[in-house]
Amino acid sequence: MKLTRIVLAAAVLALVTAISSFAATYVITVQDNIQFTPNTLQIKQGDFVRWDHVGSSINHTTTSGTGNGDPNAGLLWDEPLTPGGSYTYQFNDAGSFPFFCRPHGASGMTGEITVAHSVSSSNFGGKTGLVVLLGLLGGIAIWRRNVLAVRTQSFHTPMG
């Protein structure tokens, strides 16, 4: 029984480690030159983007949408970026996500993040991860049943 718990705990730990290792973090720097660098990124579902303000004097924002006139501006995120500050967002949905700086978007401080669909075989945390976890649990259950069967047989074996 103790071995079963150890095996199960190790399997869960391996699964959690594998899930977290597949998400990448991409960095966009924000400087006093009124631009995002890079201003376009291609990432996968589940990846993170972090905007780092490395400038020294001008306040910016990172805001989802195409500009201040966009009725959906800021629906996904709308964060101030002061010098030395940062903001991180996880992209769980596929698609194109334009972003801009509220004070400087009209001056061209814009960008776009394209998020590709994750392939389930490479996305260990998706369906594949569930299948692996269920397989491990099933294997443990079968192993345990076999151990109990062997123990039961040894009690019922006639002595000669």
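Every number in this text was worked out from the coordinates using simple rules, so none of it is lab data. Computed from a predicted structure; not experimentally measured. Using ideal geometry, Cβ is built from the backbone for each residue, glycine included, and neighbour counts are taken over all protein chains shown.
Below is a table of values for the structure above.
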{"read-out": "Residues that are buried (at least 17 other Cβ atoms within 10 Å of the Cβ) and within 9 Å of Tyr87 (Cα to Cα), drawn from the stretch 40-51", "value": "Val49, Trp51"}
{"read-out": "Boolean, Asp70 is part of a loop (DSSP other than H, G, I, E, B), without any contact (Cβ under 8 Å) to a residue 40 or more places away in the chain and not basic (Lys, Arg)", "value": "yes"}
{"read-out": "Hits in the stretch 99-108 - residues which are surrounded by 14 or more Cβ atoms within 10 Å (Cβ to Cβ) and either in contact with a Gly (Cβ under 6 Å, 6 or more places away or on another chain) or hydroxyl-bearing (Ser, Thr, Tyr) (or both)", "value": "Phe99, Phe100, Gly105"}
{"read-out": "Residue satisfying all of: in the stretch 52-77; of a type in the set (A, V, I, L, M) and over 23 Å from the mean Cα position of the chain (by Cα); surrounded by the most Cβ atoms within 10 Å (Cβ to Cβ) among these", "value": "Ala73"}
